[in-house]
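Values quoted throughout were computed directly from the atomic coordinates according to the rules given, and no laboratory measurement underlies them. Note that the structure is a prediction, hence the values are computed from the model and not measured. Glycine gets a Cβ as well: all are built from the backbone with ideal geometry, and neighbour counts include every protein chain shown.
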Amino acid sequence: MFHNMEQTATERIASNLRAELGRRKLTGRELARLCDWPAANTSRRINGTQAMTMDELTLISRSADIPLSALLDGVEGADETAAAGTVVV
């Protein structure tokens, strides 16, 4: 059986977030503190099990100094989603 190599937008954003956190040497706990979120909720976002809204992505971007474009890199339709401020699924 072959694993589907296509990622959902949520999985891609989570992957981008993990990469950016690694580049900045930030942990999930540190991101939770910066965003004033419970650690468990932050973990679900980092692991891609919980979708994020544009407001949440913007908060992460501002709080952790990660360009929003880096979080949305490789997500089809990200420009339209960002402009509309809709939920990313």
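So the values come out like this:
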{"read-out": "Rough spin-label spacing in nm, given labels placed 7 Å along Cα→Cβ, for L68 and T8", "value": "2.3"}
{"read-out": "For the stretch 42-59, 3J(HN,Hα) per residue [Karplus equation, 6.51 cos²θ - 1.76 cosθ + 1.60, θ = phi - 60°, Hz, x = Gly/Pro]", "value": "5, 4, 4, 6, 5, 7, x, 8, 9, 5, 10, 7, 5, 4, 5, 5, 5, 4"}
{"read-out": "For T53, residues with placed amide H under 5 Å, excluding near neighbours", "value": "V88"}
{"read-out": "Calculated from backbone phi, Karplus (6.51, -1.76, 1.60) coupling profile of the stretch 10-23 in Hz, x at Gly/Pro", "value": "4, 5, 5, 5, 4, 4, 4, 4, 4, 5, 5, 4, x, 4"}
{"read-out": "Extension gain (nm, one decimal) between K25 and N47, 0.36 nm per residue minus Cα-Cα", "value": "6.2 nm"}
{"read-out": "Cα gyration tensor shape for the stretch 9-76, rounded if a/c is under 1.5, else prolate or oblate", "value": "rounded"}
{"read-out": "Taking D73, D36 and counting other C-beta atoms within 10 Å, the order from fewest to most", "value": "D36, D73"}
